[in-house]
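Notes for the one structure printed next.
The values are calculated or read from the model by the stated rules, or taken from the named source; none is laboratory data. Quick caveat, the model's predicted, so the values are computed rather than measured. Cβ placement follows ideal geometry from the backbone for every residue including glycine, while neighbour counts extend to all protein chains displayed. Each accessible area value is taken on the protein alone, full model and side chains, heavy atoms only, with ligands, DNA and RNA left out. Shrake-Rupley method; radii C 1.70, N 1.55, O 1.52, S 1.80 Å.
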Amino acid sequence: MKEIKNIFQDSTEKAPQVDFNYLTGELILAGKSIPENATELYEPIYSWINDYIKNARPTTNLRLNLEYFNTASSIWLAKNCE
């Protein structure tokens, strides 16, 4: 099995804070999501989630603390995991 590493990225004016912690099962997106390239931002997150669900923690907490997100972000946020 592939080792799952945590993802942490500080927020910027256009991208949210990303704090996905495999050990605790805490998945947090916070701030604004208006990236110029939503695929560049969300593809690694989407891939991480697909790996995570194969060996998820007993409890997972998803916190979407987004004060604003654009249409491109909403498409990625609504995307189904495989």
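Just give me the residues in the range 52-76 being part of a loop (DSSP other than H, G, I, E, B) and either open to solvent by 90 Å² or more (accessible area, probe 1.4 Å) or touching a Pro at 6+ places or on another chain (Cβ under 9 Å) (or both), in sequence order.
Step one: list which residues in the range 52-76 are part of a loop (DSSP other than H, G, I, E, B), which gives 55-60, 70.
Passing the criteria: Pro58, Asn70.
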Qualifying positions in the range 1-33 - part of a loop (DSSP other than H, G, I, E, B), under 16 Å from Asn50 (Cα atoms) and not aliphatic (A, V, I, L, M): Lys2, Glu3, Lys5, Asn6, Tyr22, Gly25
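Condition test on Glu40, is it outside any loop (DSSP other than H, G, I, E, B), open to solvent by 80 Å² or more (accessible area, probe 1.4 Å), at pLDDT 95 or above and not aliphatic (A, V, I, L, M)?
Details: outside any loop (DSSP other than H, G, I, E, B): yes; open to solvent by 80 Å² or more (accessible area, probe 1.4 Å): yes; at pLDDT 95 or above: yes; not aliphatic (A, V, I, L, M): yes.
Yes, satisfied.
Name the one entry in Ile49, Ile45 that is within 15 Å of Ile7 (Cβ to Cβ), in a helix (DSSP H, G or I), without any contact (Cβ under 8 Å) to a residue 40 or more places away in the chain and open to solvent by less than 40 Å² (accessible area, probe 1.4 Å). So that I can check it myself, show each step before the final result.
Numbers: Ile49 fails: open to solvent by less than 40 Å² (accessible area, probe 1.4 Å).
Checking each option against the conditions leaves just Ile45.
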Those residues that are surrounded by fewer than 18 Cβ atoms within 10 Å (Cβ to Cβ) and of a type in the set (Gly, Ala, Ser), I need them from the range 1-37; list them, please. Ser11, Gly25, Ala30
